[in-house]
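Notes for the one structure printed next.
Throughout, read-outs are computed from the coordinates displayed, never taken from laboratory work. Keep in mind it's a predicted model, so treat the numbers as computed, not measured. With ideal geometry, Cβ positions are generated from the backbone for all residues, glycine too; neighbour counts draw on all protein chains shown.
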Amino acid sequence: MIENKKESTHPPLKRYRSNSMGNSVAYAGLLLVELILLVIKFIYTTVESIIRTFLPPLEKSLKDEIILITGAGHGIGRELALLFAIQNAIIVCWDLDEKGNNETKQILKIKGYKRVYTYKVDVSNRQEVLDAAALVKQEVGSVSVLVNNAGIMPCRPLFSQSHETIEKIFNVNVLAHFWVNQMQTLNYILD
Ligand SMILES: NC(=O)c1ccc[n+]([C@@H]2O[C@H](COP(=O)([O-])OP(=O)(O)OC[C@H]3O[C@@H](n4cnc5c(N)ncnc54)[C@H](O)[C@@H]3O)[C@@H](O)[C@H]2O)c1
């Protein structure tokens, strides 16, 4: 009985030793392959970056693209309208402030850019957004670039903000993005 026990313990131990040797060789092989791949990737990325430094990718042409800018009647929106007009795009200006929006159109016209369309829209009002979108589609065409720029920034400490202002901030700076993007996505899908 004792002899039998001794014989039975040796073979599994041997198998374990040979298995662990095999595993180590396999791991070493894998590590070597990974190291080689890493070096290849490193060389490829370095060469690619050097080439891209001297040959940057071509910029997308905005010629004849219909670009809708919200809050185009002042500040950054107006500047963007001018920048895109210079690139021969068709500009659609949305703003709550009709006077400011028309000023933007005038500025662009004086500079020789005539393909400018203005609409009085409160982007926080979903129905106004949908109505204006339908009008733009009918009068100008399908918008291909959308710049969600309209926003308000009543800078006051939290406790001196009225609840109406807080709601307005949320409506203009958050919800409006959903209404405008939803409209744009719907138009895109329906096209
Ligand atoms: N100027 C900055 O330093 C700065 C910094 C961070 C973020 N921003 C953001 O960039 C955007 C543009 O900034 P800006 O300085 O040009 O602002 P701005 O106040 O000069 O112009 C914003 C334009 O959005 C319009 N607008 C406001 N509420 C609207 C509404 N409900 N519907 C339609 N139009 C509406 C305004 O009439 C105005 O013409 C804003 O969203 C602002 O919060 C600006």
Problem - Hits in the range 139-163 - residues which are of a type outside the set (Phe, Trp, Tyr), away from the ligand (no atom under 14 Å from the Cβ) and more than 18 Å from ALA89 (Cα to Cα) - result: ARG156, PRO157, LEU158, SER160, GLN161, SER162, HIS163
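Test of understanding: among VAL92, VAL121, which residue is crowded, with 22+ Cβ neighbours inside 10 Å and over 26 Å from ILE166 (Cα atoms)? Steps first, answer last, please.
Values: VAL121 fails: over 26 Å from ILE166 (Cα atoms).
Sole residue among the options that is crowded, with 22+ Cβ neighbours inside 10 Å and over 26 Å from ILE166 (Cα atoms): VAL92.
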Practice task
Could you tell me which numbered condition ARG78 fails, if it satisfies all but one of (1) more than 19 Å from ASN171 (Cα to Cα); (2) basic (Lys, Arg); (3) more than 9 Å from the ligand (Cβ to nearest atom)?
Solution key: (3)
Practice task
Residue by residue through the range 36-75, note down the ones that are among the small types (Gly, Ala, Ser) and either more than 16 Å from the ligand (Cβ to nearest atom) or touching a helix residue (DSSP H, G or I) at 6+ places or on another chain (Cβ under 8 Å) (or both).
Solution key: SER49, SER61, GLY71, ALA72, GLY73
Exercise for the section: Restricting attention to the range 41-64, report how many residues are surrounded by fewer than 10 Cβ atoms within 10 Å (Cβ to Cβ) and at positive phi. Expected result: 0
Problem - 2 or more residues closer than 24 Å to LYS60 by Cα and in contact (Cβ under 8 Å) with a residue 40 or more places away in the chain: qualifying strands (runs of 3 or more DSSP E) within the range 72-186 - result: 90-95, 145-147
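Could you list, in sequence order, the residues of the range 146-185 that are among the β-branched types (Val, Ile, Thr) and touching a helix residue (DSSP H, G or I) at 6+ places or on another chain (Cβ under 8 Å)? Walk me through how you get there before you give the answer.
Of the range 146-185, the ones among the β-branched types (Val, Ile, Thr) are 147, 152, 165-166, 169, 172, 174, 180, 185.
Of everything in the range 146-185, those that are among the β-branched types (Val, Ile, Thr) and touching a helix residue (DSSP H, G or I) at 6+ places or on another chain (Cβ under 8 Å) turn out to be VAL147, ILE152, VAL180.
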